[in-house]
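One structure is given here, and the rest of the page talks about it.
The values are calculated or read from the model by the stated rules, or taken from the named source; none is laboratory data. Predicted model, so just to flag it, every value in this text is computed and none were measured. Neighbour counts are summed over all protein chains in view; Cβ atoms, including those assigned to glycine, are modelled from backbone coordinates with ideal geometry.
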Amino acid sequence: MVYDILVVGAGPAGLALSSLMADMGQKIAIFDRQSEKSLANPAFDGRDIALSEKSRQILDTLGAWQHIDPDQVSPIRCAKVHDGDAPSSLVFDPARTGSDRLGNIISNHFIRKALYDVAKTKANITLFCGAEVSALHRSDTSVTMALSDGTVFTGALAVAADTRFSKIRQSSGIMADMHDFGQTMIVGRMKHEKPHHHIAHELFRYDGGLAVLPINGNKASIVQTFAAETASTFMDMDDDAYARATEVRLKGLLGGLECNGERRAYPLVGVYACNFCTDRLVLIGDAAVGMHPVTAHGFNFGIQGVANLAGHLRMALAKGRDIGAAGALKAYERDHRRLCWPLYQMTEKMMALYTNTTLPARLARKAALHAAQAFQPGKDIIMAKLTRTPISGLLANKLPARPRLFM
Ligand SMILES: Cc1cc2nc3c(=O)[nH]c(=O)nc-3n(C[C@H](O)[C@H](O)[C@H](O)COP(=O)(O)OP(=O)(O)OC[C@H]3O[C@@H](n4cnc5c(N)ncnc54)[C@H](O)[C@@H]3O)c2cc1C
């Protein structure tokens, strides 16, 4: 069967790129090992995504934002970062940028469903479910993929959107920097006694990290990070014991807690592919960059990368060029590296510092937090990036030109 683009993985990245490319008249085949039923109605997976304004705008352009129930969108009005047991915190208040929120929290399964619903409206997208790709061959002029049932597909470009443990990346000989943090993240929603005022908290406790993501209606997504062996103790607790243990760790921040849904555990492994493309193959989403969730950027980077790649492919098509040729793919790689590399590196260093409980490390993180809190221009830049509002005054004139990232 002949298509223009063969996409492996119908997660947010694969679906978003397919829809953007379908709108450019490309014929797309998407392969996912999951059933159509689970892709059409994804189950809650515990991930509550902190979505930046830029990502929201991309979802809006795709027509996916319109599929999301506004009641399921919880604003983040302010964010606070706390170190150990220190009373002071680093505060991000978007009021300075003229925006009423730093971003929005939306459950991952609603985003997946919205992107699936959009892709299903495109006549030139065919979704192959329960499909496992068993072989990929690339030549100078085309790519060929075989499924485990023996069906063969040909296209001009193959796309790996098959998670941070991408088999396509591995089988194509693309190396990746993989960092096992030796930690597990437990996520789950809770109801709580005290109001959260839509403030998100990141608490770097000495016994492991904690994050509070405010959800409409006095609920929060509570994200806890533990050494792998401790995590299994917390996963084995019944709801009541888990709620009491979390109250202790939150030190009364939200008052009494009650579990509100299932808990999920995610082992933490950061992945950064050494190349985002090779002949007629491009990596997107977590297959290219699998971020540690602590900085809440995996999805945001993935969707921005997709928009960026689509922009370069649009230009290639407009010039009558082959979309599988190196030019557009290399341009995406350069832009995406520029977008992700600094925060990927910073996250790795930050996690090394925050999982180290020696006295010098504790002093270093306290000093870093105080310096960051005192340096308002730095906070303004971060908030302007999240909210996509221009920052005012002198600082705006000092900002370097923003790299062009499509749209
Ligand atoms: C606990 C947690 C919290 C997070 N919070 C945030 C946040 O606040 N903000 C943020 O920006 N990001 C966050 N992220 C990251 C975000 O969830 C991911 O970056 C995003 O889901 C990746 O999307 P993707 O499409 O690349 O991959 P995925 O969503 O993993 O989808 C990949 C798809 O590929 C399919 N697949 C895999 N292998 C094969 C194969 N061999 N053949 C066929 N199909 C295959 C899978 O079935 C799946 O459907 C969080 C992640 C976690 C774990």
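The single residue among Arg169, Arg189 that is in a helix (DSSP H, G or I) and at pLDDT 95 or above turns out to be Arg169. Taken together, Gly209, Gly261, Gly256, Gly217 contain a single residue that is surrounded by fewer than 17 Cβ atoms within 10 Å (Cβ to Cβ) and either within 19 Å of Ala79 (Cα to Cα) or basic (Lys, Arg) (or both), which is Gly217. Residues that are aromatic (Phe, Trp, Tyr), within 15 Å of the ligand (Cβ to nearest atom) and not in a strand (DSSP E or B): does the range 250-273 have at least one? Within the range 250-273, none of the residues are aromatic (Phe, Trp, Tyr), within 15 Å of the ligand (Cβ to nearest atom) and not in a strand (DSSP E or B).
Annotation note: Cβ proximity below 9 Å between a residue of the range 138-162 that is on the phi > 0 side of the Ramachandran plot and a residue that is surrounded by fewer than 22 Cβ atoms within 10 Å (Cβ to Cβ) and not hydrophobic (A, V, I, L, M, F, W, C) (sequence gap 6+ or interchain) occurs for Gly150/Ser134.
Checking Leu309 against (1) of a type outside the set (D, E, K, R); (2) surrounded by fewer than 24 Cβ atoms within 10 Å (Cβ to Cβ); (3) touching a strand residue (DSSP E or B) at 6+ places or on another chain (Cβ under 7 Å); (4) over 19 Å from Phe165 (Cα atoms): exactly one of these is not met. Which one? Going through the list (1) of a type outside the set (D, E, K, R); (2) surrounded by fewer than 24 Cβ atoms within 10 Å (Cβ to Cβ); (3) touching a strand residue (DSSP E or B) at 6+ places or on another chain (Cβ under 7 Å); (4) over 19 Å from Phe165 (Cα atoms), Leu309 breaks only (2). Looking across the range 204-248, the residues that are closer than 15 Å to Gly261 by Cβ and assigned to a helix (DSSP H, G or I) come down to Met235, Asp239, Asp240, Tyr242, Ala243, Thr246.
Just one of (1) among the hydrophobic types (A, V, I, L, M, F, W, C); (2) in contact with a Leu (Cβ under 7 Å, 6 or more places away or on another chain); (3) closer than 17 Å to Ile76 by Cα fails for Phe181. It is (3). Residues in the range 6-29 that are more than 10 Å from the ligand (Cβ to nearest atom) and part of a loop (DSSP other than H, G, I, E, B) were compared, and the one that is farthest from Arg280 (Cα to Cα) is Asp23.
So which pairs qualify, if the first residue must be in the range 163-176 and near the ligand (Cβ under 7 Å from one of its atoms), the second must be among the basic types (Lys, Arg), the Cβ gap must be under 9 Å, and the two must be at least 6 apart or on different chains? Close Cβ pairs (under 9 Å, with a partner that is among the basic types (Lys, Arg)) do not exist here. Taking the numbered list (1) within 14 Å of the ligand (Cβ to nearest atom); (2) assigned to a loop (DSSP other than H, G, I, E, B); (3) within 30 Å of Leu203 (Cα to Cα); (4) modelled with pLDDT under 95 in turn, Asp149 passes all entries but (3).
The residue that is surrounded by the fewest Cβ atoms within 10 Å (Cβ to Cβ), counting only those in the range 97-113 that are outside any strand (DSSP E or B) and not charged (D, E, K, R), is Gly98. Scanning the range 30-39 for residues that are part of a helix (DSSP H, G or I), within 16 Å of the ligand (Cβ to nearest atom), over 15 Å from the mean Cα position of the chain (by Cα) and acidic (Asp, Glu) turns up at least one hit. One residue stands out in the range 68-96 among those that are within 22 Å of Lys219 (Cβ to Cβ) and in a helix (DSSP H, G or I): the one that is nearest to the ligand (Cβ to nearest atom), namely Gln72. Considering every residue within the range 279-296, establish whether at least one is in a helix (DSSP H, G or I) and more than 7 Å from the ligand (Cβ to nearest atom). Yes: one or more hits. Among the conditions (1) within 26 Å of Leu210 (Cα to Cα); (2) outside any strand (DSSP E or B), the only one that Tyr116 does not satisfy is (1).
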